[in-house]
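Colleague: This is the structure I have questions about; it appears just below.
The values are calculated or read from the model by the stated rules, or taken from the named source; none is laboratory data. Note that the coordinates shown come from a computational prediction; the quantities given were computed from them, not determined experimentally. A quick note on method: Cβ atoms are made from the backbone with ideal geometry, for glycine too, and the neighbour counts reach across all protein chains shown. Surface areas here come from the heavy atoms of the whole protein model, side chains and all, with no ligands, DNA or RNA. Shrake-Rupley method; radii C 1.70, N 1.55, O 1.52, S 1.80 Å.
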Amino acid sequence: MNKYDYDLIILGGGAAGVVATKFALGLGKSVAIIEKNKIGGECTLTGCVPSKTLINSAAIAHQVHHLKKYGLQNSTEINLDTTSVMTHVQQTVDRIYQTHTPEKIERLGATILFGAPVFIDQHTIRLDDKKITADKIII
C-alpha cells in the first residue's frame, strides 16, 4: 500500500503545470493537479496567447496600411473592427485551450482538482475539507 495518495501533486494548471504533469505521467507517476480557476493558466487565458494574437492583428493592420512602403498598392481601406479582432483573439484562446482541457489531461491519467490548496505539511495539502497527500509537491 502506498504511503501517499499520489506520487506528485502539482499546484497550478498553467503551462508549466501541464508539462510537469505529462512528464511525470510518462515516468509512470500518479499525479494530481490542483487549480484554483481554470486549466490553462495566465499564459493561455489572459496573458501570452491573447496579447500575442492582438499584437499580430495590429502588425498586420499596420503592414496593410503601409503597403506603398513595400511597393504595393492598396485599392481598399482597412476597417478596424475591434469586435471582430477581439472575437479572433477569443477564438485563438479557445483553440489553444482545447489542446489541454481537463478531460484530455485526465484521460492521460492525472487527477484534476479545483480549489484553493493550503499546506498542512511538506506532504499534505488541504483542499476544502479534504486532505490530499503526495511524496512530492510542485508549486
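Colleague: Rounded to the nearest percent, how much of the accessible area of the range 1-119 (1.4 Å probe, protein heavy atoms only) is carbon and sulfur?
Modeller: That fraction is 57 percent.
Colleague: Moving on to the next point. Report, in order of residue number, the helices in the chain meeting two criteria: a C-alpha extent of 24 Å or more along the helix axis, and a mean Kyte-Doolittle hydropathy of at least -1.0; treat each whole DSSP H run as one helix.
Modeller: What comes out of the filter, once short or polar helices are dropped, is 48-65.
Colleague: If packing is taken as the average number of other Cβ atoms within 10 Å across a peptide's residues, how do 81-91, 10-20, 64-74 rank, most packed first?
Modeller: Answer by packing, highest mean first, reads 10-20, 81-91, 64-74.
Colleague: In the chain, if the dipole is taken from +1 on Lys/Arg beta carbons and -1 on Asp/Glu beta carbons about the Cα centre, which of His65, Gly12, Val89 is farthest to the positive end?
Modeller: In the chain, that residue is His65.
Colleague: State, in angstrom, two size descriptors of the range 1-138 derived from its alpha carbons: Rg to one decimal place and Dmax to the nearest whole number.
Modeller: Over the range 1-138's Cα set, Rg and Dmax evaluate to 21.4, 73 Å.
Colleague: Can I ask one more? Skipping prolines and chain starts, which residues have an amide H placed within reach, meaning under 5 Å, of the one on Tyr6, given they are 5 or more residues away or on another chain?
Modeller: Those qualifying (amide H under 5 Å, at least 5 residues apart or on another chain) are Thr133, Ala134, Asp135.
Colleague: Report, ordered by chain and residue number, the lysines lying within cross-link reach of Lys52, taken as a straight Cα distance under 26 Å and ignoring same-chain residues fewer than 8 apart.
Modeller: Answer for Lys52, where 26 Å is the Cα cut-off: Lys22, Lys36, Lys38, Lys68, Lys69, Lys104, listed by chain and number.
Colleague: How long are the semi-axes of the equivalent ellipsoid of the range 64-139, defined as square roots of 5 times the Cα gyration tensor eigenvalues? Whole Å, largest first.
Modeller: Taking √(5λ) for each eigenvalue gives 50, 14, 13 Å, largest first.
Colleague: Determine the order of Glu42, Glu35 by accessible area, beginning with the largest, at a probe radius of 1.4 Å.
Modeller: Output order, biggest surface exposure first: Glu42, Glu35.
Colleague: For the range 1-104, report the accessible area per residue in Å² (1.4 Å probe, heavy atoms, rounded to an integer).
Modeller: Using a 1.4 Å probe on heavy atoms only, each residue of the range 1-104 averages 67 Å².
Colleague: Taking the Cβ of Gln63 as the center, what net charge do the other residues with Cβ under 15 Å away carry, scoring Lys and Arg +1 and Asp and Glu -1?
Modeller: In short, +1.
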